[in-house]
Amino acid sequence: MRFAHFADLHLGYEQYNQNWRAEDFASAFRRSAELAVMEGIDFVVIAGDLFHRSVPSPKTLNDAIEVLKIFKSHDIPVFAVEGNHDKSIREMSAYHLLESLELLNVLGLRKERVEGDLVTSERVENLYMVKGVFKDLEIIGDRHRTKWQVEKILPYLKGGENSILVLHQTVKEAIDFDMQIAWDLTIDQLPPAKYYAMGHIHLRRDLKIRDAFLAYPGSIERYDAREASHFIIYRDKLEIREGEKKGFYLVEDFKPRFIAVETRDLYNIFVEDDGRERLEKKLLEALAHVKGEGIGIIKLSCNENVDQKRLSDLATKRIKYAEISFRRKDFGEIPEAKPEKEFFTDLELKLLEILKEDDESSLKSAVELVREYYGIKDQKKAFKDVEGTLTAPKEEIKFSKAQNVEEKERKEKKFKTLLDFI
Ligand SMILES: [Mn+2]
């Protein structure tokens, strides 16, 4: 039994406001799909964030359809869960549209029972848990949930002897920093499965838990400069280091093997010198090592002011797209000295992360988070709290009150049925 495990395809993401970047994400997915088919896979698992937004454009939907048709034409079923980027509170999401086109099967809690050759439903309180079935294998999963919803739902995600669990969540053990709000669940909380097909973390990760693998393939394209293909650092001498490859997992007998796919080079460049002229020379030297079709995210630092526009034009002559930021070296570490987490509480950080996406669904997710955090029933009050968090100076932020009080309030809030909180 072989399957392909994809996650975080982010179709439609016009990174750096460049529409050709959305094209890059789509072609990385297309190439991966072709590779997977050549490997003779039995089925496909998509662990969330197929789309960058919950309301994809017709072009983006078409990109998804074109790739999913590759699987369809080879009779390869696809099982998917929605991610935080593309989940929808509407009755019908883009995933459900793809499901009616018979291009994929959506896993997880639903109001109606769904039965078919590849899916079955199990009654869960007042809802149904829709599971994938492939021969003697169960493919279980649910869409992205907030941390507190996950805790409630995990017991219902227990499969039979042979099961794969598909989730779009952060497992504590898969990340390097220990900030409570940064993760959704721990390994101990996971129900038993033969393989954990995860999504959400954009850098590739795999770890062994008990006898099974838990794996994140990472995003299919380079999502930000931390995921660069090359790191070029030029202080005293020029250093070039390669970053991670992008791709997906080919899982055979529950063991993942990473399959890399070609992506556009993204260079994370840092150049520093005391003087302006030497800095410019160094920048040119660094740019001699980049491919013309690549992207350059360039940070410059020196003791004199520079003409950023001119340097940007200079870089753009050598590379498809360049983004230059500059800071005065002699002004110290001011802009980057203090990480965000020193200024904000965990909840505020999470809200800021969600609200970076300027659309309706992220505002709703933010409100949902605040409501859950405080057990607020009244939507109007929740909206007010979101606004308050983002505009009030730190001393006035109500959220910074003792964490244990909030913890207690939350524990006291009782959910009657599953419908109350999904
Ligand atoms: Mn993602």
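Let me confirm something: among ARG235, ARG210, which residue is surrounded by fewer than 21 Cβ atoms within 10 Å (Cβ to Cβ) and on the phi > 0 side of the Ramachandran plot? Being surrounded by fewer than 21 Cβ atoms within 10 Å (Cβ to Cβ) and on the phi > 0 side of the Ramachandran plot holds for just one of ARG235, ARG210, which is ARG210.
Strands (runs of 3 or more DSSP E) fully within the range 188-248 that include at least 1 residues being within 16 Å of the ligand (Cβ to nearest atom): 195-199, 205-209, 212-216.
Taken over the range 257-278, the residue count meeting the criterion of being buried (at least 20 other Cβ atoms within 10 Å of the Cβ), part of a strand (DSSP E or B) and not aromatic (Phe, Trp, Tyr) is 5.
Counting only residues that are farther than 14 Å from ILE201 by Cβ and either touching a Cys at 6+ places or on another chain (Cβ under 8 Å) or among the small types (Gly, Ala, Ser) (or both), the range 160-183 holds 2 of them. For beta carbons closer than 8 Å, sequence separation of 6+ or different chains, a first residue in the range 70-86 that is within 16 Å of the ligand (Cβ to nearest atom) and a second that is polar (S, T, N, Q), the qualifying pairs are ALA80/ASN105; GLU82/SER88; GLU82/SER93; ASN84/SER365; HIS85/SER54; ASP86/SER54; ASP86/SER93. Scanning the range 153-179 for residues that are modelled with pLDDT of 90 or more, more than 16 Å from the ligand (Cβ to nearest atom) and either surrounded by 15 or more Cβ atoms within 10 Å (Cβ to Cβ) or charged (D, E, K, R) (or both) turns up ILE153, LEU154, TYR156, LEU157, LYS158, ASN162, SER163, ILE164, LEU165, LYS172, GLU173. Hey, can you tell me all the residues within the range 1-19 that are open to solvent by 30 Å² or more (accessible area, probe 1.4 Å), more than 14 Å from the ligand (Cβ to nearest atom) and either touching a residue at least 24 places away in the same chain (Cβ under 8 Å) or touching a helix residue (DSSP H, G or I) at 6+ places or on another chain (Cβ under 6 Å) (or both)? Residues satisfying the conditions are MET1, ARG2, GLU14, TYR16, GLN18. Just to be sure I understand the filter: pairs with C-beta atoms under 6 Å, separated by 6 or more residues or on different chains, first member in the range 25-44 and basic (Lys, Arg), second member modelled with pLDDT of 95 or more. Which pairs pass? Close Cβ pairs (under 6 Å, with a partner that is modelled with pLDDT of 95 or more) amount to ARG30/VAL67; ARG31/VAL261.
The values are calculated or read from the model by the stated rules, or taken from the named source; none is laboratory data. Please read these numbers as outputs of a predicted model, since none were measured by experiment. No Cβ is skipped: glycine too gets one built from the backbone with ideal geometry, and neighbour counts run over all protein chains shown. SASA here: full protein model, heavy atoms, side chains in, ligands and nucleic acids out. Shrake-Rupley method; radii C 1.70, N 1.55, O 1.52, S 1.80 Å.
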